[in-house]
Every structure is written in C-alpha cells, then in structure tokens.
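Reading through the structure tokens given below for one structure.
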Amino acid sequence: MPVFTKQEIVEACRDKPLLIEITDLDPLIKLDIRYATKNNFLKRPVYKEARAFLQKEAAEALVKISKDLNKEGYGLLVFDGYRPWSTTKIFWDETPSEKRNFVADPKVGSNHNRGCAVDLTLYELKSGKEIKMPCEYDTFSEEAFPSHAGSTKEEKANRDFLIKVMEKDGDFKVHPNEWWHYDYKDCNKYPVLNLTFDEITNEP
Ligand SMILES: [Zn+2]
C-alpha cells in the first residue's frame with residue numbers, strides 16, 4: 001500500500017509540470033465540485049474547497065476543447081479534477097465490493113491522483129443550464145457506461161457529443177464505465193500525489 005510522505009511528494013513534483021487551477025486559464029469552464037458538497041455518493045463533503053486542478057499539459061488541452069465548444073454555444077462543467085490519494089482511499093473503503101469497478105483501487109492510485117483525469121459534463125452557454133445526460137454524475141450503474149443503449153435519444157446524443165468533443169484531438173479518452181470521466185493521454189508520467197488543494201497553492 002503506497003503511503004506518500006510530504007517530502008516524497010515534493011521530490012516527485014520537482015521536475016514535473018505543476019498542478020494548476022483550471023478556472024485560472026479559462027473562466028468559461030464552470031465548476032460543480034460535488035465532493036466539496038453533500039451532493040455526492042458519500043453524502044458528505046470530502047473536500048474543504050470547491051476547486052479543480054490538473055497537470056499543466058492536461059489543463060491546456062482541456063482549455064482548447066472548452067474554447068472550441070464555446071463556439072458551438074456550450075461550455076464545460078467540471079465535477080472533479082486532481083484528487084488527493086487519501087480521498088481515493090476513502091472512496092474505496094466506503095464503496096461496497098460489487099460497486100468497486102466505479103472507484104480506483106488505492107493500491108494503484110487513480111489518474112485523478114496524478115492530476116490527469118477530469119470528470120465533467122456540458123452546459124449551455126446562453127442559459128448556464130447543465131445539458132441532460134443518460135444519468136447523473138457518479139451513478140454507479142450501467143447507465144453510466146459510455147456505450148449504454150438505454151435512456152432517451154436526446155440524452156444519448158448529448159453524451160455521444162461530449163465524448164466526441166473530448167476525444168477529437170486525441171488528448172483525452174473516456175473511461176469505459178463512466179461517460180463523465182476523461183483520462184489525459186500521458187497519465188503515467190505523473191506520480192500519484194496526496195497534496196491538499198491548499199498545499200498545491202502554498203508550496204515552498
Ligand atoms: Zn473520474
């Protein structure tokens with residue numbers, strides 16, 4: 001079981017691009033950081049702040065997608081980006097074994113822990129309203145699968161549009177079990193991290 005000390009994390013970060021706050025790059029990327037609220041599968045906040053960070057390259061690739069989407073009248077609504085390893089451990093410990101295909105094993109770590117995965121959906125620029133998808137974020141059932149055939153024609157078309165837009169440049173790939181989760185192409189070159197949001201912005 002990897003347990004990372006602060007020193008190890010600082011060392012691991014030394015030669016790597018830093019985690020940066022997505023909204024600093026693009027104010028039209030909206031946030032709905034569910035884990036900073038009770039509106040998540042644990043029904044309690046696990047983050048102290050509603051903020052979203054990604055590795056610089058991943059953040060820049062996301063901003064490019066966001067700007068392309070803006071031209072079509074849509075924006076990105078982010079549910080989660082970088083996630084400390086300790087949060088992944090909480091998710092695993094509190095998820096029943098039959099639902100663990102929807103959470104990352106802390107023995108391996110999640111791409112969210114590397115700052116290379118983002119959970120998101122679409123909103124309409126004009127109204128600011130979230131676009132309807134086949135199921136809610138963090139629905140731990142088959143409706144979450146990107147290939148799921150159920151739900152309405154409109155919801156499926158919206159989901160397929162999101163996946164197409166996210167994958168078009170080859171920078172992100174949708175998770176096989178979750179329509180909202182996208183992994184950046186170079187995830188493995190970044191280490192699993194356990195920094196809090198506060199520690200990211202206050203590094204010495
Ligand atoms: Zn995710």
Open item on the list: Can you find a residue that is closer than 16 Å to Ile65 by Cα and either in contact with a Phe, Trp or Tyr (Cβ under 7 Å, 6 or more places away or on another chain) or in a loop (DSSP other than H, G, I, E, B) (or both) anywhere in the stretch 147-161?
Closed with: yes
TODO: Would you confirm whether any residue within the stretch 107-118 is within 12 Å of the ligand (Cβ to nearest atom), crowded, with 20+ Cβ neighbours inside 10 Å, in contact (Cβ under 8 Å) with a residue 24 or more places away in the chain and not in a loop (DSSP other than H, G, I, E, B)?
DONE: yes
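Against the definition (among the aliphatic types (A, V, I, L, M), away from the ligand (no atom under 16 Å from the Cβ) and either farther than 18 Å from Asp119 by Cβ or open to solvent by 20 Å² or more (accessible area, probe 1.4 Å) (or both)), how does Leu69 come out, yes or no? I'd like the intermediate steps shown before the answer.
Numbers: among the aliphatic types (A, V, I, L, M): yes; away from the ligand (no atom under 16 Å from the Cβ): yes; either farther than 18 Å from Asp119 by Cβ or open to solvent by 20 Å² or more (accessible area, probe 1.4 Å) (or both): no.
In short, no.
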Open item on the list: Kindly evaluate Pro84 against the criterion of being open to solvent by 60 Å² or more (accessible area, probe 1.4 Å), more than 12 Å from the ligand (Cβ to nearest atom) and closer than 23 Å to Lys43 by Cα.
Closed with: no
Task: Residue under evaluation Tyr123, criteria (1) at pLDDT 95 or above; (2) surrounded by fewer than 18 Cβ atoms within 10 Å (Cβ to Cβ); (3) away from the ligand (no atom under 16 Å from the Cβ), criterion not met - done: (2)
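Here are Thr121, Thr201: which of them is touching a Leu at 6+ places or on another chain (Cβ under 7 Å), β-branched (Val, Ile, Thr) and within 28 Å of Trp92 (Cα to Cα)?
Values: Thr201 fails: touching a Leu at 6+ places or on another chain (Cβ under 7 Å).
Among Thr121, Thr201, only Thr121 is touching a Leu at 6+ places or on another chain (Cβ under 7 Å), β-branched (Val, Ile, Thr) and within 28 Å of Trp92 (Cα to Cα).
For the stretch 145-155, give me each residue that is open to solvent by less than 30 Å² (accessible area, probe 1.4 Å) and modelled with pLDDT of 95 or more.
Step one: filter the stretch 145-155 for residues open to solvent by less than 30 Å² (accessible area, probe 1.4 Å), giving 146, 150, 155.
Within the stretch 145-155, Pro146, Glu155 meet the criteria.
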Open item on the list: Can you find, within the stretch 156-185, the residue that is nearest to the ligand (Cβ to nearest atom) among those that are more than 17 Å from Ala61 (Cα to Cα) and crowded, with 18+ Cβ neighbours inside 10 Å?
Closed with: Glu178
Task: Condition broken by Lys71, with the remaining ones in (1) more than 22 Å from Asp186 (Cα to Cα); (2) charged (D, E, K, R); (3) at pLDDT below 95 satisfied - done: (3)
Task: Residue under evaluation Arg44, criteria (1) within 15 Å of the ligand (Cβ to nearest atom); (2) in a loop (DSSP other than H, G, I, E, B); (3) touching a Lys or Arg at 6+ places or on another chain (Cβ under 8 Å), criterion not met - done: (1)
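Checking the condition of a type outside the set (S, T, N, Q), closer than 23 Å to Thr87 by Cβ, within 13 Å of the chain's Cα centre (by Cα) and modelled with pLDDT under 95, which residue from Val103, Val118, Val108 passes?
Working: Val118 fails: modelled with pLDDT under 95; Val108 fails: within 13 Å of the chain's Cα centre (by Cα).
Among Val103, Val118, Val108, only Val103 is of a type outside the set (S, T, N, Q), closer than 23 Å to Thr87 by Cβ, within 13 Å of the chain's Cα centre (by Cα) and modelled with pLDDT under 95.
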- [ ] Name every residue in the stretch 186-203 that is assigned to a loop (DSSP other than H, G, I, E, B) and touching a residue at least 60 places away in the same chain (Cβ under 8 Å), in order of residue number.
- [x] Asp186, Tyr190, Pro191, Val192, Leu193, Asn194, Leu195, Thr196, Glu203
Open item on the list: Among the numbered criteria (1) within 16 Å of the ligand (Cβ to nearest atom); (2) outside any loop (DSSP other than H, G, I, E, B), which one does Tyr137 miss?
Closed with: (2)
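The values are calculated or read from the model by the stated rules, or taken from the named source; none is laboratory data. Predicted, not measured: the structure shown is a model, and the values here were computed from it. All Cβ positions, even for glycine, are placed from backbone atoms using ideal geometry, and neighbour counts span all protein chains on display. Each accessible area value is taken on the protein alone, full model and side chains, heavy atoms only, with ligands, DNA and RNA left out. Shrake-Rupley method; radii C 1.70, N 1.55, O 1.52, S 1.80 Å.
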